[in-house]
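Here the structure is laid out as structure tokens; the discussion comes afterwards.
Read-outs: derived from the displayed coordinates by stated rules, not from any lab. Source: prediction; values computed, not measured. Here the Cβ positions follow ideal geometry from the backbone for every residue, glycine too, while neighbour counts run over all protein chains shown.
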Amino acid sequence: MSESTEMYLVTIGQLLESGHQEPLPLSLLAEELSINSVSANEMVHKLEERGLVTYTPYKGVFLSSEGRERTDGILRKRRLWQSFLERCLDLGADDAEALACRMEHITPDNVADRLGLFLYEDQLCPIEDFITAKGSEPLVKLQTSLDGLKLGQRGRLLEIQDAGIDSIFAAEQLAPGAELEVKAIGSNDTILLGHTQGTIHMLRQDAQQVLVEVLYD
């Protein structure tokens, strides 16, 4: 998706966040982007062809479910970068926002996930910065290997990538979906994991083969 296309989606998303209701008039979209109505109309039709919006003549534009998902993803990247630039690099708010606006278009999803995990782990970014305004779930769920969790962090078991390690969890009757918490990290490369029925000791090298979704309090 081109940067100009993404900017149309972002503009629609920001207008909705600011309290405007769908359908959004083309005149409002054109004004916000500082373009004429003809250009706005052409781009909206291109977005509609891609299934990102629906357009009703004389009424305006609605985001489709796919368009809303794309828009949320782009805005999430902007907020993550802005938080990182302000809190980690001490940039001013205006400079951080301007640079984040550029970075949002070139950041792969997996990089955004890692950035979100970094900011959350170090308590540098409020959870709200990468959660939808309408819900309490992350826009893109953060995943990591089990050894990537810090002391006290929790994760939901997603996948065990080694059959030998799978037997460790099977012995505890733990399957994908089970919640685990890092209770202790030993000096001998071991991890103590807590679960609803007890605890498990694991080597860090084994924990690297276990994929979890990071959970939030």
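Extending 7 Å from the Cα toward the beta-carbon at both Asn188 and Asp162 defines two label points whose distance is 1.8 nm. Scalar couplings 3J(HN,Hα) for segment 160-172, obtained by applying the Karplus form with A = 6.51, B = -1.76, C = 1.60 to θ = phi - 60°, are 10, 8, 9, 4, x, 6, 4, 5, 4, 6, 4, 5, 9 Hz; x denotes Gly and Pro. Taking every DSSP helix (H) stretch of at least 4 residues in the chain, weighting each as -39,500 (n - 2.57) and dividing the sum by the residue count yields a mean residue ellipticity at 222 nm of -13500 deg cm²/dmol.
Kindly work out what percent of the DSSP beta bridges joining two residues of segment 143-215 are antiparallel, to the nearest 5.
On the way: 22 of 22 bridges.
Around 100 percent antiparallel, to the nearest 5.
Lysine pair count for the chain with Cα-Cα distance under 26 Å and sequence separation of 8 or more or different chains is 9. Around the amide H of Val53, modelled in the peptide plane, lie the amide H atoms of Glu48, Ser64, all under 5 Å away and 5 or more residues distant in sequence or on another chain. Here the spin labels are modelled as points 7 Å beyond Cα on the Cα-Cβ line, and at Ser2 and Glu69 they lie 2.4 nm apart.
If exposed chymotrypsin sites (Phe, Trp or Tyr not before Pro) are those in a DSSP loop with at most 12 other Cβ within 10 Å, what is the longest stretch of the chain that has none?
Numbers: sites that count: Tyr58, Tyr216.
Longest gap between qualifying sites, sites excluded: 59-215.
Length available on full extension from Thr196 to Thr56: 0.36 nm per residue minus the Cα-Cα distance, which gives 45.2 nm.
Within segment 177-214, whose backbone N sits under 19 Å from a point 7 Å along Cα→Cβ of Arg114? Residues 208-214 qualify, since their backbone N sits under 19 Å from the label point. Between the helical axis of 93-103 and the longest alpha-carbon principal axis of the chain there is an angle of about 90 degrees.
Note on Ser27 and Glu48: their simple-model spin labels are 1.9 nm apart, each label 7 Å out from Cα toward Cβ.
Taking the chain as the reference, fit the longest principal axis to its C-alpha atoms, fit the long axis of helix 3-17 to the helix C-alpha atoms, and give the angle between the two in degrees, 0 to 90, nearest 10. That works out to roughly 90 degrees. Output the 0 to 90 degree angle, nearest 10, between the alpha-carbon long axis of helix 109-121 and the longest principal axis computed from the alpha carbons of the chain. In the chain, helix 109-121 runs at an angle near 60 degrees to the longest axis.
Once you have a ≥ b ≥ c as the square roots of the Cα gyration tensor eigenvalues for the chain, tell me rounded if a/c is under 1.5, and otherwise prolate or oblate according to whether a/b is larger than b/c. Here the chain falls in the prolate category.
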